[in-house]
Amino acid sequence: MTLVAALAGGVGAARLLRGMVHVVPSEKLVIIGNTGDDVEFYGLHISPDLDIVMYTLAGIVDENKGWGVSGDTFNCLEMLGKLGFETWFKLGDKDLAVHIARTKFLKEGIRLSEATKRLCQKLGVKAKLVPMTDDRVSTKIISGSLCLDFQEYFVKRKTEDTVTNVVFDGADRAKPAPMVVEALEEAERVIICPSNPILSISPILSISEIKAALKKTDAYVVAVSPIVGGKALKGPADRIMASMGFEVSAYGVAEFYRDFLDHMVIDEVDKHQKKRIEALGVKVTVANTIMKNLEDSVRLAKIVISTK
Ligand code: FO1
């Protein structure tokens, strides 16, 4: 098998990818991760979407939450709270160790892509996980006259604001990280994971060279719909698609990606949308897309990798 490249956000992507590493040889899998959610707390650089994928593939993720390290303690955060710092972003002790290491690498002038490679190596992750860029791109959530940092919207304010626009600050200057464009050009297949199209995949596409490579590639581009039965499997994707004027359906997701999409995997409950999606020139596979355990993830990964 030649290269498989995957565009990945957080939890939904991690669940598909934990199956994908059982289907595609790890050295053939390049995962391009969203860094628009990156945030700084206590002087530390946190890359939540890279970490969700890294911890999942390392087998140490907190399965219930889908993020953070399983069995982590929060002693440091508790002490920071006593010292008067904000603690709404729940950083566990082991998780903090990763952010300390990443920040140390970055302070030494090492790029985020290299820092991620080193962290993955130490945690035993064999697939290549690369940030979309080594430059700073920050997802900003616009709600009327408010402009919120991503984690402020997502965690602090619990996604309660109505999203009227999303801006990727810095995207116009950002360059793809090493290996990103090469992977998209050389891949036999590009997978768009079941992540939030607007919050998780769009930041990756906001880097013009990545979008251009995706449009140009000969790879077969397959997406898995994160919208099932008109609802997001996790998170606010359904509400955001609605408030930004997109149809909240598997069809709406296919339309969102239509510039470069060859094939879409939709859930059985959405099988009535097959013909409509096909009318966009996108092939459709209907399958059970719910991933409750590793077996589900492997089953879906096998379907995604064999679509044609
Ligand atoms: N998500 C939450 O809902 N609450 C948290 O306190 C939180 C902390 C956190 C710490 C490290 C990390 O890597 C991720 C964390 N997340 C938390 C998840 C994260 O905010 C989002 O899931 C992603 O940014 C969206 O994919």
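The values are calculated or read from the model by the stated rules, or taken from the named source; none is laboratory data. What you see is a predicted model; the values in this text were computed from it and never measured. Cβ atoms come from the backbone with ideal geometry, glycine included; neighbour counts cover every protein chain shown. Areas reflect the complete protein model, heavy atoms only, side chains present, ligands, DNA and RNA absent. Shrake-Rupley method; radii C 1.70, N 1.55, O 1.52, S 1.80 Å.
Structure above, values below:
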{"quantity": "Dipole magnitude of region 174-308 about its Cα centre (Cβ charges: Lys, Arg +1; Asp, Glu -1), debye to nearest 20", "calculated": "280 debye"}
{"quantity": "Unit charges on C-beta of K, R, D, E only; dipole of region 1-117, Debye", "calculated": "240 debye"}
{"quantity": "Dipole moment magnitude, nearest 20 debye, the chain about Cα centre, only Lys, Arg, Asp, Glu C-beta charged", "calculated": "480 debye"}
{"quantity": "Candidate residues 193, 147: accessible-area rank, largest first, probe 1.4 Å", "calculated": "147, 193"}
{"quantity": "Dipole of region 92-203, positive end: most advanced residue of 96, 151, 132 [Cβ charges, Cα centre]", "calculated": "96"}
{"quantity": "Extreme residue, positive dipole direction of region 179-281, given options 195, 222, 273 (C-beta unit charges)", "calculated": "273"}
{"quantity": "Cα-Cα separations in region 68-222 greater than 24 Å, expressed as whole percent", "calculated": "48 percent"}
{"quantity": "Given 211/308; 128/274; 82/117; 28/271, the pairs whose alpha carbons are separated by over 24 Å", "calculated": "128/274; 82/117; 28/271"}
{"quantity": "The chain, Cα convex hull volume normalised per residue, Å³", "calculated": "121 Å³"}
{"quantity": "Ranking by accessible area, most exposed first, for 283, 274, 216 with a 1.4 Å probe", "calculated": "216, 283, 274"}
{"quantity": "Base-10 log of normalised Debye intensity for region 1-106 (one unit scatterer per alpha-carbon) at q = 0.13, 0.17, 0.21 Å⁻¹", "calculated": "-0.51, -0.82, -1.13"}
{"quantity": "Surface/4 of the Cα convex hull for region 83-160, nm²", "calculated": "7.3 nm²"}
{"quantity": "Per DSSP, loop trypsin sites (Lys or Arg not before Pro) in region 1-85 with at most 13 further Cβ within 10 Å", "calculated": "65"}
{"quantity": "Nearest-10 value in Å² for the accessible area of residue 306, using the 1.4 Å probe", "calculated": "70 Å²"}
{"quantity": "Cross-link pairs beyond the 20 Å C-alpha cut-off, checked among 107/158; 104/126; 65/94", "calculated": "107/158; 104/126"}
{"quantity": "Shape metrics for region 207-255, restricted to C-alpha atoms - Rg then Dmax, Å", "calculated": "13.0, 34"}
